[in-house]
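So the structure is just underneath, and the comments pick up after that.
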Amino acid sequence: MIESRNDASRNLEKALQALEQAKQRVANEKKKQNEKKRKAENHHKYIMGGIIVKYFPDCYRYDEGELNRILSVALQTRECQQIISKIKLESRETTPPQSTLANAENESEGGTE
């Protein structure tokens, strides 16, 4: 009887150890996924900032509130809304729906699936 209890105790200990290792693997995988997501988000932010600077080089003269005012008005103009609609229509015709963030993640990883 004592031996079977020791075996059960050892098996339980091994199972608990395996559980802890599995939890650690899950935590590591989540960490990797979060890092990938953050990297893709940062890449997207850098691209957006670069585009703003390219077409509005004076942007550094303005603070965040002023830039928000300028861009909100610019993006609401008829011309801007027309080009946004045109680009959305073109993207639906040429590619299956896929988020911009997913595209940025693929570009940051250096390839596609």
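Things to note:
- G49 meets each of the listed conditions (1) surrounded by 11 or more Cβ atoms within 10 Å (Cβ to Cβ); (2) modelled with pLDDT under 95; (3) over 22 Å from the mean Cα position of the chain (by Cα) apart from (3).
- Pair list, Cβ under 9 Å, 6 or more apart: segment 63-75 residue over 12 Å from I52 (Cβ atoms) and surrounded by 10 or more Cβ atoms within 10 Å (Cβ to Cβ), other residue modelled with pLDDT of 95 or more and hydrophobic (A, V, I, L, M, F, W, C): none
- Of all the residues in segment 69-79, those that are over 26 Å from the mean Cα position of the chain (by Cα), in a helix (DSSP H, G or I) and not acidic (D, E) number 6.
The values are calculated or read from the model by the stated rules, or taken from the named source; none is laboratory data. Not measured: the values here are computed from a predicted model. Quick reminder, even Gly has a Cβ in these numbers, built from the backbone with ideal geometry, and neighbours come from all protein chains shown.
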